[in-house]
Amino acid sequence: MNKYNIVKTISNEPLVSIIIPVYNGSNYLAKAIDSSLNQTYNNIEVIIVDDGSTDDTKQICLTYGDKVRYFRKGYINFLIKRLYRFSFKKVHVAFFQNTDNLQWFFDNINAKIKTTLVNGSGVNLTRFSYNQLQQDKVTKFLFLGRIMKEKGIDELFRAAKILKQKYNDAIQFTVAGFIEEDYRDLIQNLVNDNIISYIGFVDDSHNELIKHTALVLPSYHEGLSNVILEAQATGRPVIASDIPGCREAFVDGVSGFKIKVKDVDDLVLKLEAFHNLGFDSKNNMSIKGRQFIETHYDRNKVVRDYINIIEKGDWKNEFVR
């Protein structure tokens, strides 16, 4: 009997594909593969989709022989398209939360279904109540999210070093969220050097937002950023990437500043510009951000839009307001 009790016979049971996307996840990959292979259901295949890892991901997969199918970067787009086409066969309507994802669907998925664009999942305006910005000589920036490369954390840390050197304690950076293993030592060094404060994972994001002046999110990719919506609902301006999923969530120059993705210089420029604003300007951004959320992203309104669309069967390729 082999280690994984895999019986290679013709089976009447449907084939179940277990797809594991991975990027530099060698520390956890073997455990994930072993768990998949040890299922009591026999007719399975394990597919590893590697999005360009630079660690030992490929070597780990090869040790499993023909028990695991390994695909390198380039195959992932093909796989995603296949899965979308299969899953949309019986779909009446697809909801999209930003225009870029909707356009990608039109360009890449040959599925004859109706689509509509909606304002995300909305924000609970009671839970994320408005909290007036307090006048303070210190500008307190908060990063709230998973600490990983794709969230722009490398650019944020470099910008923080530059601004702390220039402004010392007049600017503070707080980082909250789960740490990817590769960043543990770096985080500790930055804390020791008084560049950032790290407060770990937080359950109550509203409570952290009210302690800070603004949210910063230099992310590379977002669907529709809930943390940006929650920050503005709380009355906190945002400095965030000019990318799909962020740019729809606030108004540049009104409730925050857009930044060029992967651009440390622009991030420094916008953080510094916000820091140097007078309190009245910062407070006006706070108020405008809350108003924007109340108008477009109130969860009660958004849910009502979903229900109305489903009940009426009114599928349109346009924004739901």
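The values are calculated or read from the model by the stated rules, or taken from the named source; none is laboratory data. Predicted, not measured: the structure shown is a model, and the values here were computed from it. Ideal geometry is used to build each Cβ from the backbone, glycine not excepted, and the neighbour counts take in all protein chains shown. Surface accessibility is based on the protein's heavy atoms, side chains included, excluding ligands, DNA and RNA. Shrake-Rupley method; radii C 1.70, N 1.55, O 1.52, S 1.80 Å.
The figures follow:
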{"item": "Extension reserve of the VAL16-ARG146 stretch, reckoned as 0.36 nm per residue once the Cα distance is removed", "result": "43.8 nm"}
{"item": "The stretch 147-179 residues near the modelled ASN276 label - backbone nitrogen below 19 Å, point 7 Å along Cα→Cβ", "result": "159-172"}
{"item": "Of all accessible heavy-atom area on the stretch 101-140, the percent that carbon and sulfur account for (1.4 Å)", "result": "40 percent"}
{"item": "Size of electric dipole in the chain: Cβ of Lys, Arg +1 and of Asp, Glu -1, about Cα centre, debye, nearest 20", "result": "760 debye"}
{"item": "Two-site FRET efficiency, LEU79 against ASP154, from Cβ-Cβ distance with R₀ of 25 Å, rounded to 0.05", "result": "0.35"}
{"item": "Listed residues THR63, THR116, THR40 arranged by accessible area, highest first, probe 1.4 Å", "result": "THR40, THR63, THR116"}
{"item": "Structure-based [θ]222 nm, the chain - -39500 (n - 2.57) summed over DSSP H runs of at least 4, per residue, nearest 500", "result": "-11500 deg cm²/dmol"}
{"item": "FRET efficiency, THR54 to LEU269 (Cβ-Cβ, R0 25 Å, nearest 0.05)", "result": "0.25"}
{"item": "Cut-off 9 Å between beta-carbons: net charge of the residues surrounding VAL22, Lys and Arg +1, Asp and Glu -1", "result": "-2"}
{"item": "Computed E for ASP34/ASN108 - FRET, C-beta separation, R0 35 angstrom, nearest 0.05", "result": "0.55"}
{"item": "Average accessible area per residue (Å²) across the stretch 219-321 - probe 1.4 Å, nucleic acids and ligands excluded", "result": "46 Å²"}
{"item": "Dipole magnitude of the stretch 169-321 about its Cα centre (Cβ charges: Lys, Arg +1; Asp, Glu -1), debye to nearest 20", "result": "660 debye"}
{"item": "Rough spin-label spacing in nm, given labels placed 7 Å along Cα→Cβ, for LYS137 and ASN284", "result": "2.6 nm"}
{"item": "Where labels lie 7 Å past Cα in the beta-carbon direction, separation of SER87 and ARG184 in nm", "result": "3.2 nm"}
